[in-house]
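Report on the following structure.
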Amino acid sequence: MSELGSTFLWFIGCVSLGAGYAFLLYRWQKRLSGYLLIILFTLRTLSVAVIAFLLFAPPVKSVTNIPEKPIIILAQDNSASIALSQPAGFDTARYARQFKQLRQSLSDNFEVRTFQFGSTVTNGLDFSFGEKQSNLSAVFKLIDDQYANRNIGAVVIASDGIYNQGGNPIYETKNLKAPVYTVALGDTVPKRDLLISNVNYNNIAYLGNRFQLEVEVEAFQSRGAFSRLTVSGPTGVLFSQTVAINSAGFRTKIPLTLPASKKGMQRFTLSLAPIANELSQQNNTQTIFVEIIDGRQNILIIANSPHPDVAALRQTIEINKNYEVEVALANDVTNAQMEKAGLIILHQLPSNTDPAKNILQKASAKPVLFILGEQSNTALFSAAQNVLNVNSSGSIQEVLARVQPDFFGFAISAETKAGVENFAPLLAPFGSYGFKGPVSVALQQQIGRVVTGFPLLVFGEDQQRRTGILAGEGIWRWRLEEFKESSSHQAVNELVAKTIQYLSNRNDKRKFRAYPSKNAFDENDRVVLNAELYNDSYELVNTPDVNVSIKSSEGKSYSFLFTRSTNAYILDGGILPPGEYRFDARTKLGETNYSAGGQFIIRNQQIEFQQT
């Protein structure tokens, strides 16, 4: 019996049930007239029948079939390595016609979608082979995102199989429930080629120092050939060395040291002299940019007497190559050291044996970190700064560190918080502690099981300088204890490094600032600049227009107008040619003109020529 017939019988049964129920209800009714009785009988029958049908009748299913053509996805690799590795006699125009004919022949029976890919995936077909990167996994990710639960008949990919961006495409195909067909491009015959495959270097060097590079050279099918590696910088040729190729698959690393002789963003060009009949000379040259900084910030540690804390602090601070640490005893420190210092750490100074009044006077204009201990003179200390007052009889006590949850001067990781709170106690002056003004407490003192309101590490502003106070000695124990537990100094290093960075950070008081989102952009990156304008109350405003001129090292200029963003400015300068650029931004607030400038570089992408 059909589903419709079965449903009809259920309906007849429900109507009979309703009629039987109405008959039993109205059969003895004598007061109602004939017409009214018929109407009530009919309504009762229908209502009971409908309720019974909704409760007991089987569901009615409706199935609609919509035919859909299978989807065929054609993806063409449009990266530069395709053009580089084509075999002799390969006709690009003919290949393009044949690929389009394939699309046309498939479109009669299938729904065909075409894509091209390089660093990104775009619709359509383009056979220019000019993309600077290959992201093969992006094709399968797009299919998974846009064609999930669709009837995909097949995926056809035309590529040389080289990818240098994104993940391994094999992993992305695991979710694909369709066959993948490949059109293999390129040449399987190894070609004679010499290239600089990689350059390892630091992006920052310090003026007057020397910095190291490591150049990785590769050569294929070039046994017996000779080349010469030359490195040129702002002052001319800086390095030259002969490279003898002694195998068919030649690889070597050449370490070298260059001088940082000029401040700013400097270009260094590394080139290999070409050999006969090599596949490409484009990969024989690489250009790197190194920012030469004018000196490191000097941190001066002045101690009342020799102490293991001093060595622990020095070792921790010197991990950051931006800091240069000098150590001196109070009786031996010189005026030159005081003048050079960007931050001064006073370990148990002023003390009971040497008040160090001259040192305190000379340090009054510099950021300072006081470290208190058994030798500290708390009365002289309290008079020397306007952050913390300590009343102590001269005795000390052991205190544990507890992280203050509402401290926002700098971020402390969860691992460091847990480590600091499990460290051994420090030795702090016993007495009462009081604040002289607004402060930020990073660590509190815990005595036994009681968390006191006394600070262990506190920061404040004192006469327009930042002042920090560590009210306890013995941080060297923290380093030893942490190394014993975890074979590292991660927690102590992070706490000390961020304390030093917070205190030594130079406040930027400029009312107008313009800066790039990063100092070095890749060739395919969009150049983004930011700008900030402050009024006399140092509040961000973006009422006036901000114009900027970007000029390349070749002399070509680009003019832009910043876009307002919340209460600041942002500029998307688009994609610019590789090279060195300087920018000059200008605006006017009221009657005052402001200007700010800077520089950035755009690196030439040669990654497509590194694997041939």
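The values are calculated or read from the model by the stated rules, or taken from the named source; none is laboratory data. Only a predicted model underlies this, so the values are computations on that prediction, with no experimental measurement involved. Neighbour counts run over all protein chains shown; Cβ positions are idealised from the backbone, glycine included. The protein model used for the area step is the full one, side chains on, heavy atoms only, and it has no ligands, DNA or RNA in it. Shrake-Rupley method; radii C 1.70, N 1.55, O 1.52, S 1.80 Å.
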query = Just a yes or no: is a residue in the stretch 463-472 touching a residue at least 12 places away in the same chain (Cβ under 8 Å), touching a helix residue (DSSP H, G or I) at 6+ places or on another chain (Cβ under 7 Å) and either more than 19 Å from ALA411 (Cβ to Cβ) or of a type in the set (A, V, I, L, M) (or both)?
reply = no
ask   = Can we say ALA384 is among the hydrophobic types (A, V, I, L, M, F, W, C), farther than 27 Å from PRO259 by Cα and under 38 Å from the mean Cα position of the chain (by Cα)?
value = no
message = Cβ contacts < 7 Å: first residue closer than 18 Å to TRP28 by Cβ and without any contact (Cβ under 8 Å) to a residue 24 or more places away in the chain, restricted to the stretch 38-56; second residue assigned to a helix (DSSP H, G or I) and of a type in the set (Ser, Thr, Tyr), any location; separation 6+ or different chain. Result?
response = LEU40/TYR26; PHE41/TYR26
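The rows are residues; the columns are (1) open to solvent by 70 Å² or more (accessible area, probe 1.4 Å); (2) part of a strand (DSSP E or B); (3) in contact with a strand residue (DSSP E or B) (Cβ under 8 Å, 6 or more places away or on another chain); (4) of a type outside the set (Phe, Trp, Tyr).
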residue	(1), (2), (3), (4)
LEU529	no, yes, yes, yes
ASP536	yes, no, no, yes
PRO544	no, no, yes, yes
LYS551	yes, yes, yes, yes
GLY555	no, no, no, yes
SER559	yes, yes, yes, yes
LEU571	no, yes, yes, yes
PRO577	no, no, yes, yes
PHE583	no, yes, yes, no
request  = Evaluate the following for ALA531: is it of a type outside the set (Val, Ile, Thr), in contact (Cβ under 8 Å) with a residue 60 or more places away in the chain and over 20 Å from LEU561 (Cβ atoms)?
outcome  = no
query = Under 9 Å by Cβ, and 6 or more places apart or on different chains, what pairs join a residue from the stretch 152-177 that is on the phi > 0 side of the Ramachandran plot with one that is basic (Lys, Arg) and open to solvent by 50 Å² or more (accessible area, probe 1.4 Å)?
reply = GLY166/LYS141
message = Among the residues of the stretch 196-213, are any under 30 Å from ARG150 (Cα atoms) and under 36 Å from the mean Cα position of the chain (by Cα)?
response = no
message = What pairs come out if I take residues in the stretch 381-409 that are free of Cβ contacts under 8 Å to residues at least 24 places away in the same chain and pair them with residues that are in a strand (DSSP E or B) and of a type in the set (A, V, I, L, M) whose C-beta lies under 8 Å away, six or more apart or interchain?
response = SER382/LEU388; SER382/VAL390
task = State whether one or more residues within the stretch 152-172 are over 30 Å from ALA219 (Cα atoms), at pLDDT 85 or above, in contact with a strand residue (DSSP E or B) (Cβ under 8 Å, 6 or more places away or on another chain) and open to solvent by 50 Å² or more (accessible area, probe 1.4 Å).
result = no
task = Being farther than 21 Å from ASN78 by Cβ and among the hydrophobic types (A, V, I, L, M, F, W, C) is the filter; apply it to the stretch 171-184 and report the residue that is nearest to the chain's Cα centre (by Cα).
result = LEU176
ask   = So which strands (runs of 3 or more DSSP E) stay within the stretch 351-448 end to end and still have 1 or more residues that are within 25 Å of ASN335 (Cα to Cα), of a type outside the set (S, T, N, Q) and open to solvent by less than 40 Å² (accessible area, probe 1.4 Å)?
value = 368-371
remark   = Taking the stretch 449-460 and keeping residues among the aromatic types (Phe, Trp, Tyr) and either at pLDDT below 90 or open to solvent by 50 Å² or more (accessible area, probe 1.4 Å) (or both) leaves PHE454
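Give the residue that is farthest from SER376 (Cα to Cα), with candidates limited to residues of the stretch 281-305 that are β-branched (Val, Ile, Thr) and open to solvent by 30 Å² or more (accessible area, probe 1.4 Å).
Start the filter on the stretch 281-305 by keeping residues that are β-branched (Val, Ile, Thr), which leaves 285, 287-288, 290, 292-293, 299, 301-302.
Those left that are additionally open to solvent by 30 Å² or more (accessible area, probe 1.4 Å): 285, 287, 293.
Working: THR285: 61, THR287: 55, ILE293: 38 Å.
Looking at residues that are β-branched (Val, Ile, Thr) and open to solvent by 30 Å² or more (accessible area, probe 1.4 Å), I get THR285.
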ask   = If only one of LEU229, LEU258, LEU238 is assigned to a strand (DSSP E or B), of a type in the set (A, V, I, L, M, F, W, C), open to solvent by 30 Å² or more (accessible area, probe 1.4 Å) and at pLDDT 90 or above, which one is it?
value = LEU238
task = Would you mind telling me which numbered condition in (1) of a type in the set (Ser, Thr, Tyr); (2) farther than 30 Å from ASP160 by Cβ; (3) in a loop (DSSP other than H, G, I, E, B) SER222 fails?
result = (2)
note = Among residues of the stretch 173-189 being under 30 Å from ASN149 (Cα atoms) and among the small types (Gly, Ala, Ser), the residue most open to solvent (accessible area, probe 1.4 Å) is ALA184
Hits in the stretch 521-553 - residues which are of a type in the set (A, V, I, L, M, F, W, C) and touching a Lys or Arg at 6+ places or on another chain (Cβ under 6 Å) = none
task = Considering each of ALA52, ALA80 in turn, give the residue that is surrounded by 13 or more Cβ atoms within 10 Å (Cβ to Cβ) and closer than 30 Å to LEU279 by Cα.
result = ALA80
inquiry  = If a residue must be among the charged types (D, E, K, R) and either surrounded by 13 or more Cβ atoms within 10 Å (Cβ to Cβ) or in contact with an Asp or Glu (Cβ under 6 Å, 6 or more places away or on another chain) (or both), how many such residues does the stretch 85-143 contain?
reply    = 8
inquiry  = Condition check: modelled with pLDDT of 85 or more, polar (S, T, N, Q) and more than 36 Å from the chain's Cα centre (by Cα). Does GLN361 satisfy that?
reply    = no
task = Considering each residue of the stretch 306-332, count those that are open to solvent by 30 Å² or more (accessible area, probe 1.4 Å) and over 35 Å from the mean Cα position of the chain (by Cα), and give that number.
result = 7
key: All positions within the stretch 325-371 that are of a type in the set (A, V, I, L, M, F, W, C) and free of Cβ contacts under 8 Å to residues at least 12 places away in the same chain   = ALA336
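Here are ARG251, ARG210, ARG192: which of them is within 30 Å of PHE127 (Cβ to Cβ), open to solvent by 50 Å² or more (accessible area, probe 1.4 Å) and either of a type in the set (Lys, Arg) or touching a Lys or Arg at 6+ places or on another chain (Cβ under 9 Å) (or both)?
Every option except ARG192 fails the conditions.
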query = How many residues does the stretch 68-110 contain that are assigned to a strand (DSSP E or B) and of a type in the set (Ser, Thr, Tyr)?
reply = 1
request  = Of the conditions (1) farther than 30 Å from PHE127 by Cβ; (2) of a type in the set (Val, Ile, Thr); (3) part of a strand (DSSP E or B), ILE275 clears all except one; give me its number.
outcome  = (3)
